[in-house]
1. Need pairs with beta-carbon distance below 6 Å; first residue more than 16 Å from residue 454 (Cα to Cα) and within the range 131-156, second of a type in the set (Gly, Ala, Ser) and at pLDDT 95 or above; sequence gap 6+ or separate chains.
2. Does residue 374 fit the bill of being open to solvent by 20 Å² or more (accessible area, probe 1.4 Å), assigned to a loop (DSSP other than H, G, I, E, B) and over 22 Å from residue 408 (Cα atoms)?
3. Filter the range 65-78 for residues that are closer than 18 Å to residue 179 by Cβ and either open to solvent by 10 Å² or more (accessible area, probe 1.4 Å) or in contact with a Gly (Cβ under 9 Å, 6 or more places away or on another chain) (or both) and give the result.
4. Of the residues in the range 228-254, how many are in a strand (DSSP E or B) and either buried (at least 22 other Cβ atoms within 10 Å of the Cβ) or touching a His at 6+ places or on another chain (Cβ under 7 Å) (or both)?
5. Kindly indicate the residue of the range 398-430 that is hydrophobic (A, V, I, L, M, F, W, C) and touching a residue at least 60 places away in the same chain (Cβ under 8 Å) and also farthest from residue 455 (Cα to Cα) among those meeting that condition.
6. Against the condition out of contact with any Lys or Arg (no Cβ under 6 Å at 6 or more places or on another chain), within 25 Å of residue 357 (Cα to Cα) and either of a type in the set (D, E, K, R) or buried (at least 17 other Cβ atoms within 10 Å of the Cβ) (or both), how does residue 435 come out, does it pass?
7. Provide a single number: the residues in the range 50-82 that are assigned to a loop (DSSP other than H, G, I, E, B) and within 16 Å of residue 255 (Cβ to Cβ).
Amino acid sequence: MSRRPRAALAVLSLALAAAACGGGGGSRGAAPVPGQGLSSDTPKPKGDIDAFTWVSYAEPPTLDYVHAFDYPQNMVLANVCESLMRWTPDLKEEPGLAEKAEQRDPKTLVYTIRKGVRFHSGAEMTADDVVASLNRHLDEKVGSYWISSFRNVESISKTGPMEVTVKFKRPDALFNLEMGASPGTVVSAASLKAQGRAFGTADGGLDCTGPFKLGTWTKGQSIQLDRFAGYWGDKAKAGKVTFTFVPDTAARTNALVTGEADGGYMIPAASIAALRSSGAGTVYGGPNLTTANLIVSDLNAGPLSDARVRQALSLAIDREGLVKAALGEYSAPTLVPGPVQAWRNVTEARPAAPTGKRDLEAAKKLVAAAGAQGKKIVIATSNAAPEFPVISNSVQAAAKEIGLQAEVRTVAPDAYTALFSDPEARKGIDLFPTFWYLSATDPLELYGLFQTGQFENYGGFSDPAYDKLVDAAEVEFDRVERARLTAKLQETVATLLPWIPLADLDNVMFLGKRITGAPTSISYLYYPWAADIGAAG
């Protein structure tokens, strides 16, 4: 059963938004210190607000949670639908629609469903709704983009009036963490049956439990959310939220400066100075789980099939210059593909970050030792992404400096996206850039991708010792011990380089003067962030 990977949808959209992220909250108008002073929250609101407008770089193609694999749809959906677990602004997990999750044995996970929760239609949520919602991911006809989260599931069934039991074919330590994201979303079973293919569309709708209900969806223009008076938790502070879609970066920045829009996530690097000096509001930096990498397309053929050539290219890349030229002040060079913040809940097991300087002479020696002098590599890029040409040209220059030939091949946006889902599209390509984000605060979610046969293991990396270590980590329920195993995986990946890491990115958000309360972290993809926003004064 295949699925479209998280990054296949996310990387292009992130690039289209020209998202450059980084550290530092700080006071209004003050320039943050890159990589420091990150906070998960903004000042608490002083009261409710009638309405606010949020600007997004793109319109969601759907609001069906099984296909919610990208920023625009999750940014909206997080406020309308809820999951069994909840990903908090400080990137921890807590009970959501399930008041308790109990791992009764390594292959049995039992959820006690929260009582008294009502859907927007007024019907009370039951275990039947949970079972129907989760089992959709296992239906081949539905084609869930999250099917890999359920790869170890044997069955999902109702085992009590408000109890759901998940049985596993093999233990899966990450499953409950992912129940705080789209895989754990619960919707009305009756609405799924009634709406059929229209579920989650402008013509159908949503019947969920969140603090906002779906209002008017004007295709190509906006989506309105209305406060749900029957919400089981703290009521939303805003009566209405309007999402507007503005693909053009300059126009999006202007909307924020003029107050046409009150806020937005994924602020482009080119916009930060203008927003900071405008006096219209505040640029905030928050914790993120996103990194910039180069994916090696084929580890079995071509010059990059030799680890020494990959290591040479990594040594030759000017990461500092790349950060300044393409990613902006809100990013930092990195030598590992996994985000630093993925270790925030297991700091005692976090490995020391590898260090090293650009070294052209050492890189040339590696190329010579591999017999790769004069050999050609092809780097795919896309003009739809402002950062991608800069990244690709920088890598091309680095390759030439160490004796490799390098061609930058520009592909259309849809052809770029196909690189993540179609092996045929990757033929003839040696490298392509990506921005990759995690949906759970656990580094294993990334390092598990390099196990033999995984869908997102695009280059075909295969190492029996690595596979065995992934297996051990995936069945380790002690979080710290799992992190220690994952640290060994990181060491292998940082050495053998199936992906060549470039930069670690923080999350950047802008809030206009009228509003406050929004979380600054990447939790906005699954946490009902808009409900926290209220009046700033």
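1. 132/189
2. Here the answer is no, as residue 374 does not meet what is asked.
3. 65, 66, 67, 68, 77, 78 - these are the residues of the range 65-78 that are closer than 18 Å to residue 179 by Cβ and either open to solvent by 10 Å² or more (accessible area, probe 1.4 Å) or in contact with a Gly (Cβ under 9 Å, 6 or more places away or on another chain) (or both).
4. Counting residues in the range 228-254 that are in a strand (DSSP E or B) and either buried (at least 22 other Cβ atoms within 10 Å of the Cβ) or touching a His at 6+ places or on another chain (Cβ under 7 Å) (or both) gives 3.
5. 402
6. Against the criterion (out of contact with any Lys or Arg (no Cβ under 6 Å at 6 or more places or on another chain), within 25 Å of residue 357 (Cα to Cα) and either of a type in the set (D, E, K, R) or buried (at least 17 other Cβ atoms within 10 Å of the Cβ) (or both)), residue 435 qualifies.
7. Within the range 50-82, residues that are assigned to a loop (DSSP other than H, G, I, E, B) and within 16 Å of residue 255 (Cβ to Cβ) number 3.
One line per residue, one yes/no per condition, for (1) under 25 Å from the mean Cα position of the chain (by Cα); (2) more than 27 Å from residue 527 (Cα to Cα):
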{"position": "234", "(1), (2)": "no, no"}
{"position": "239", "(1), (2)": "no, no"}
{"position": "246", "(1), (2)": "yes, no"}
{"position": "254", "(1), (2)": "no, yes"}
{"position": "270", "(1), (2)": "yes, yes"}
{"position": "275", "(1), (2)": "yes, no"}
{"position": "294", "(1), (2)": "yes, yes"}
{"position": "303", "(1), (2)": "no, yes"}
{"position": "310", "(1), (2)": "no, yes"}
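The values are calculated or read from the model by the stated rules, or taken from the named source; none is laboratory data. For clarity, every value in this text was computed on a predicted model and none was experimentally measured. Heads up, the Cβs are rebuilt from the backbone with ideal geometry, glycines too, and the neighbour counts pull from every protein chain shown. The area values use the complete protein model at the heavy-atom level, side chains included, leaving out ligands, DNA and RNA. Shrake-Rupley method; radii C 1.70, N 1.55, O 1.52, S 1.80 Å.
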